[in-house]
Amino acid sequence: MADPKLEGFTRDNRPYRVHAAQAIQSMSDPDRIELKKITGRLPISDGNWADVTADEGFYNRDKNTLDIKSKMIVTTTNGMTAKLASAFVEMKKLR
């Protein structure tokens, strides 16, 4: 699948989105989707966002989790930058 997007709202009604250039769905486990060239915008607090980029990761549709297995850069709108080796995001727990 080309150009997949995941969008939703946190429990306190703030929008989030995750986008990938490509998604590859496993035939043996259709809930596991490999993502390539990931970008996203996640809420941190009122008016502050985290922009995320990573080369690849896995989205679990059943568990609503994003498991980033590559280097990831997180840049916040209030000027902070973090470089991570990997990350695990539980989308349903975003606040």
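Bear in mind these aren't lab numbers, they're just calculated from the coordinates by the rules spelled out. In this text, all values refer to a predicted model and were calculated from it rather than measured experimentally. Here the Cβ positions follow ideal geometry from the backbone for every residue, glycine too, while neighbour counts run over all protein chains shown.
Things to note:
- Choice from GLY57, GLY40, GLY79 showing the highest fluctuation, given a GNM over the chain with Cα pairs closer than 10 Å: GLY79
- Proximal charge balance of MET1 [Cβ under 14 Å; K/R count +1, D/E count -1]: +3
- Correct option for mean projected area of the Cα convex hull in nm² [calculated from the coordinates] among [x] 8.9; [y] 6.2; [z] 5.7: [z]
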